[in-house]
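Written below as structure tokens is the structure these notes are about.
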Amino acid sequence: MADVSIYWFRDDLRLTDLPGLQAAANEGPVLPVFVLDPDLGDPWTLGGASRWWLHHSLTALQTALSEQGVELILRTGNPAAVLATLASEINAKTVHCSRHYQPWSHTLEVSVRDALADVGAALKRFPGTLLHEPEDVATGGGTPFKVFTPFWRACNRRPEPAIPSEVPVLSAINSAPHSEDICDWELTPSQPNWAYGWNDLWTPGETGAQGALSEFLSQHVMNYGDGRDIPSEPNTSRLSPYLRFGNLSPRQVWHAAQSIKRERPGAGDSIDKFLSEIGWREFCYHLLFHFPNMPDEAFNPKFGFFPWGEDADRLKAWQAGKTGYPIVDAGMRELWHTGFMHNRVRMVVASFLTKHLLLNWREGEAWFWDCLLDADLASNACGWQWVGGSGADASPYFRIFNPIAQGEKFDKAGGYTRRWVPELAGLPDKYLHKPWEAPDDMLLAAGVSLGDTYPVPIVDHKTAREEALSAYATLKALD
């Protein structure tokens, strides 16, 4: 008789290219399980936007499994206790899962392993969320890479990632245990429904992921190299939420991109640049694995002494997109209304928070964690520390984005800013990114009243830059 096994879904909510699920299917009937632990990773429990994506990803996964006559079992609680109880109940000999790399993952997986051993079952972990395992990529001295470029070169010298596997043929167990109802988990907002309209923007789940990947590679990747910094144009992949929840594996992205590269040699440079962004995601996870305090502590210990300020009003203005700098405000409003923000604009708003407002990068990290659909512990921490100057391979602290120049360079025609800051839409391009310089009659004609319909800048760029450099100078004494 074939052995019954459990597949423990985590951040790998798909059926394709899932080595652990394939292994479980090879052993016999499979009980798919997802366990919601409300306390997992505290204080990095799921933010509001992530909960929305999780709800819809699980719903999509339920549908995909049901097409094979298999039910996804939903349970809440401590994964070790839940999985041990289920294994005992159905006499499962193994629990399969994809490996995780968050700071709490090792302890969790050990606790699951020990709880299963008590009921005569074993935990089997498989790769599935990265291109390369963190132990497999190291410097010549055997230490973790701390600079991206040599890291990615080392990755590309390794054997090519394995070809993605197909959806396994699953067979259900004879009598599935009770499953909780996902609607009872209240993962989506209701009063107020701040995610209104997101269903028109996103299709969480494996089908949506495959569609997004196909559309990007067939229609937009050719423009990625030159156009990825233009927020008004659809030149970026928008795959990050799908990768965050494992609706798509990085191996699928890698091989699909390589296939297009062979078919369309002229797209080679753009595809390599795109894949380097997949490499940055990989780099962030490897850093998180080797330096688990990265989400909470400055990677560069000097920045533990940086004189960050505290100003609740300025922080609130930044969060609400009311700083008086149009490109910054556009980005923060895009985030709130869509759960997403263009990558170039992410750098601009992060620089503004840490260097114009001198507010701690952790404030931005926390806000993004709650508001981003692709809120990923590794990428979020790496990104904020990179911009703030404290991270691995970080942007130098004295690199301070001028929000006016950034708007004029990357949103020259104003399509992005006018969409998200419509109160300025009537201004000509010349003054769109610096409305305070527009003549009074032009402001009047455009219906703009500074300090009323649109805020005056909460800081002066030149003054803020000087204050940021002065604050940074205090760290030089520590060298």
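The values are calculated or read from the model by the stated rules, or taken from the named source; none is laboratory data. Given the structure is predicted, the values throughout are model-derived calculations rather than measurements. Every residue, glycine as well, gets a Cβ built from its backbone with ideal geometry; the counts of neighbours run over all protein chains shown.
Side notes on the structure shown:
- Checking Leu287, Leu275, Leu315 one by one, the residue that is touching a strand residue (DSSP E or B) at 6+ places or on another chain (Cβ under 9 Å), in a helix (DSSP H, G or I) and either outside the structural domain of Leu58 (by TED's automatic domain parsing) or over 19 Å from Ser214 (Cβ atoms) (or both) is Leu315 and no other.
- From Ser259, Ser270, residue being assigned to a helix (DSSP H, G or I), touching a residue at least 12 places away in the same chain (Cβ under 8 Å) and not assigned by TED's automatic domain parsing to the domain that holds Gly383: Ser270
- Every residue from region 219-236 that is closer than 11 Å to Phe274 by Cβ and either among the aliphatic types (A, V, I, L, M) or crowded, with 18+ Cβ neighbours inside 10 Å (or both): His220, Val221, Met222, Tyr224, Arg228, Asn235, Thr236
- Residue count for region 215-245, restricted to those that are of a type in the set (Ser, Thr, Tyr), farther than 26 Å from Arg51 by Cα and either outside the structural domain of Arg262 (by TED's automatic domain parsing) or assigned to a helix (DSSP H, G or I) (or both): 2
- Pairs with Cβ under 6 Å, 6+ apart, first in region 182-201 and farther than 22 Å from Glu71 by Cβ, second among the aromatic types (Phe, Trp, Tyr) and surrounded by 11 or more Cβ atoms within 10 Å (Cβ to Cβ): Ala195/Trp52
- Which listed residue is under 19 Å from Val345 (Cβ atoms) and assigned by TED's automatic domain parsing to the domain that holds Ala317, from Val448, Val456, Val421: Val421
- Within region 138-171, being aliphatic (A, V, I, L, M) and either without any contact (Cβ under 8 Å) to a residue 24 or more places away in the chain or in contact with a Leu (Cβ under 9 Å, 6 or more places away or on another chain) (or both) holds for Ala138, Ala154, Val167, Leu170.
- Odd one out for Phe306 among (1) closer than 30 Å to Thr417 by Cα; (2) surrounded by 16 or more Cβ atoms within 10 Å (Cβ to Cβ): (1)
Here is a yes/no grid of residues against (1) buried (at least 18 other Cβ atoms within 10 Å of the Cβ); (2) part of a helix (DSSP H, G or I):
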| site | (1), (2) |
| --- | --- |
| Phe368 | yes, yes |
| Asn380 | yes, yes |
| Val387 | yes, yes |
| Asp393 | yes, no |
| Phe398 | no, no |
| Gln406 | yes, yes |
| Lys409 | no, yes |
| Lys412 | no, no |
| Arg419 | no, yes |
